[in-house]
Each structure stands twice: as C-alpha cells, then as structure tokens.
Amino acid sequence: MDLTLSPGTKQTLLKIKKIGVRQINIFKFHDYVTVVTFVLMNGELVSIRAKDEYVASSFEVFLIATSDELINSKPDVTIGLMDNETVKNIFIVNKCNWSVPTSASDKEELLGHTEGATTQYEGLESDMPKDAVNHAKFEAGIKVQFTNSSSFFVVSSINPFDLAVSHETSFSKVSESEYEFQLLC
C-alpha cells in the first residue's frame with residue numbers, strides 16, 4: 001500500500017522554501033520529539049507532527065501532518081538560522097514499514113498470548129522480506145536542504161508519534177540509508 005501526503009500538506013510545506021525560515025523550534029512533550037515548528041521569515045508557522053494511519057489490524061504507520069498551530073509552551077530547542085542559510089531544496093522522505101511473523105525465540109520474551117504475533121520493521125522497500133504479512137510505503141517526512149550545504153530532517157519514526165530529527169535532542173536517529181528522497185521543490 002502506498003500512502004502519500006495530501007496536496008494541502010504539500011502546499012504548506014512549499015511555504016518553507018517560498019517564504020524562508022527564520023528559526024526551527026523543537027518540542028518534546030514526552031521523552032521524544034513530538035512537534036517541529038518552522039518559523040518563517042514573515043512570522044507564519046509551519047508545525048509538523050506525526051499522524052497515525054491504520055493499514056491493517058495491529059499495523060499502523062505514521063505520516064506527517066502540518067498545521068499553522070502556535071504551541072503554547074517554550075520549545076525544548078530553538079535553532080536560529082543565519083541570514084545566508086536560505087532553503088535550496090525540500091525533499092519528501094519516503095520509507096517502508098512491514099511486519100513479519102515473530103520468530104520463536106522472540107516469542108519466548110513476549111508476555112501473554114503469542115499466536116499470530118508479528119514484529120514491525122522500517123527501511124527501504126527493497127529491504128522488505130518476501131514473507132511480510134503487512135507493508136506500506138509512505139511519505140514520512142521532509143529533508144530541508146540549505147544553500148550552505150547543511151540539511152534538517154523531520155521524519156516520523158516507527159515509535160508512535162515520535163519524530164526523528166537531525167538534532168542531538170532526538171530520541172530516534174535519522175539514518176539517510178533507510179529513506180528514499182523525492183524532490184518537492
């Protein structure tokens with residue numbers, strides 16, 4: 001199953017390049033990043049959070065959703081951008097999640113009824129094994145590339161509602177080898 005971002009979400013993401021970014025605010029409402037807000041040069045906000053999508057029974061994936069929401073708390077991290085750090089490109093980050101039957105050795109570590117148990121993984125579609133019970137390829141985030149060659153990632157994680165960002169505050173780490181990139185603008 002292929003899941004894509006809505007046209008409205010993509011239009012909102014285009015503002016990041018069109019208007020430019022003044023700063024990036026990272027919010028952690030738990031032990032992990034839950035919202036990333038791009039403060040645009042004109043004061044507009046583009047907030048990104050994970051949104052669950054149920055693909056099958058006991059199998060969900062997390063796309064991103066955007067809003068212009070003002071978060072009423074202090075960011076855990078604020079990244080100020082220099083005047084010369086303009087947005088060069090925005091890429092949509094694609095990944096694949098799949099589930100396979102849980103191995104007998106892994107079942108020994110589970111509590112309760114384990115018949116029909118599955119284990120979920122993420123990576124490239126080419127990494128998905130043939131015995132996958134469920135799978136979904138989806139647009140999971142963005143990579144913002146700046147003209148000074150630096151990049152900033154916001155990608156949903158396999159952990160519910162956790163955003164992986166390219167900053168040391170992130171619980172989940174960004175590994176570029178697990179993603180495919182599609183130029184948005």
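The values are calculated or read from the model by the stated rules, or taken from the named source; none is laboratory data. Note that the structure is predicted; figures quoted are calculated from it, not measured. Cβ coordinates were reconstructed from backbone atoms using ideal geometry, including for glycine residues, and neighbour counts include every protein chain displayed. When the accessible area is computed, the model is the full protein with side chains, heavy atoms only, and any ligands, DNA or RNA have been set aside. Shrake-Rupley method; radii C 1.70, N 1.55, O 1.52, S 1.80 Å.
Values as computed for the structure displayed
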quantity	calculated
Tabulated pairs, the range 66-82, first assigned to a strand (DSSP E or B), second at pLDDT below 90, C-beta under 6 angstrom, 6+ apart or interchain	77/169
Number of the exception - residue 5 against (1) over 30 Å from residue 99 (Cβ atoms); (2) in contact with a Leu (Cβ under 7 Å, 6 or more places away or on another chain)	(1)
Residue list for the range 59-70, filter: surrounded by 15 or more Cβ atoms within 10 Å (Cβ to Cβ) and either over 18 Å from the mean Cα position of the chain (by Cα) or aliphatic (A, V, I, L, M) (or both)	61, 63, 64, 65
Flag for residue 33 being in a strand (DSSP E or B) and either over 15 Å from the mean Cα position of the chain (by Cα) or surrounded by 14 or more Cβ atoms within 10 Å (Cβ to Cβ) (or both)	no
Subset of the range 82-101 (residues that are under 30 Å from residue 149 (Cα atoms) and modelled with pLDDT of 80 or more)	86, 87, 88, 89, 90, 91, 92, 93, 94, 95, 96, 97
Unmet requirement for residue 155, which otherwise passes all of (1) at pLDDT 90 or above; (2) open to solvent by 40 Å² or more (accessible area, probe 1.4 Å)	(2)
Criterion (open to solvent by less than 70 Å² (accessible area, probe 1.4 Å) and farther than 25 Å from residue 181 by Cβ) met by exactly one of 56, 50	56
Meets criteria (modelled with pLDDT under 90 and open to solvent by less than 40 Å² (accessible area, probe 1.4 Å)) for residue 104	no
Of all residues making up the range 1-19, the number that are open to solvent by less than 40 Å² (accessible area, probe 1.4 Å) and either part of a helix (DSSP H, G or I) or among the hydroxyl-bearing types (Ser, Thr, Tyr) (or both)	4
Count of residues meeting criterion [without any contact (Cβ under 8 Å) to a residue 60 or more places away in the chain, among the hydroxyl-bearing types (Ser, Thr, Tyr) and open to solvent by 50 Å² or more (accessible area, probe 1.4 Å)] in the range 107-143	2
Residues of the range 71-82 that turn out to be open to solvent by 60 Å² or more (accessible area, probe 1.4 Å) and either under 17 Å from residue 28 (Cβ atoms) or β-branched (Val, Ile, Thr) (or both), as a count	4
Filtered residue count, the range 36-47, keeping only those that are under 17 Å from residue 71 (Cα atoms) and open to solvent by 60 Å² or more (accessible area, probe 1.4 Å)	1
